[in-house]
1. Could you give the Stokes-Einstein D for the chain in µm² per second, using the C-alpha Kirkwood radius, 4 °C, 1.567 mPa s?
2. Put Lys20, Lys85 in order of accessible area, largest first, 1.4 Å probe: what do you get?
3. Normalised by the number of residues in the chain, what is the relative contact order in percent for Cα pairs under 8 Å and 6+ residues apart?
4. Could you give the angle, 0 to 90 degrees to the nearest 10, between helix 27-42's Cα long axis and the longest principal axis of the Cα atoms of the chain?
5. Helix 68-79 sits at what angle to the longest principal axis of the chain, using alpha carbons and giving 0 to 90 degrees rounded to 10?
6. So, how do all the Cα-to-Cα distances of the range 47-93 break down into 10 Å bins, in percent, from 0 on up?
7. Just reorder His160, His52, His22 by solvent-accessible area, largest first, 1.4 Å probe, all chains present.
8. Work out, in µm²/s and without decimals, the Stokes-Einstein translational diffusion coefficient of the range 1-88 at 10 °C, 1.306 mPa s, Rh from Kirkwood over C-alpha pairs.
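The values are calculated or read from the model by the stated rules, or taken from the named source; none is laboratory data. In this text, all values refer to a predicted model and were calculated from it rather than measured experimentally. Cβ coordinates were reconstructed from backbone atoms using ideal geometry, including for glycine residues, and neighbour counts include every protein chain displayed. Each accessible area value is taken on the protein alone, full model and side chains, heavy atoms only, with ligands, DNA and RNA left out. Shrake-Rupley method; radii C 1.70, N 1.55, O 1.52, S 1.80 Å.
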Amino acid sequence: RDDEFLVVEKPARIATQPGKGHEHDTLLNGLFAAFGAQLQNLGRGRDFGLLHRLDRQTSGLLVVGLMPRAYDAIRAQFEKRTIRKFYWALTWRAPKKPSGVIRRPILEETDDRKTARISSAGKPAVTAYRVLQVSQKPGQHAALLECRPVTGRLHQVRVHLESIGCPILGDDV
């Protein structure tokens, strides 16, 4: 943390921001407890400092702007894709190729909750991956993958991995 921004480790099973069913138990609620005046100063137009989000079940690092200048500069880096995000995923099996790029359009839908699926009616989505490790035990086919979403679609990594036959272990979405 410095005066301009902070990096927060978000645990799994914590929602990043308030929404249906999670009005008071989110990471952003906790950030307001510690940095409320600064985040209120950024306002809704700057997402109260949140520069990106992670799904509730996903753990990882989040960047949060504390000052308008820092928020705007980091947001511009996300938009220009000069910031690269990496995800590690444990999958049911290893992909056929040890590395590759998945280019499949993703359609976002909203019913009771937001979902996403592969569809030609969706927006372009690109995820690069590489296999880091494959289970060596007989009868087990799990793999650890490093995934880099080039685009930023809802549920992109999970949808793309599912589409190549490598669903994420424990993913109930």
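1. Answer from the Stokes-Einstein relation: 74 µm²/s.
2. Lys20, Lys85
3. 19 percent
4. So the helix axis and the longest Cα principal axis differ by about 50 degrees.
5. Orientation of helix 68-79: about 20 degrees from the principal axis.
6. 23, 47, 23, 7, 1
7. From most exposed to least exposed: His22, His52, His160.
8. 120 µm²/s
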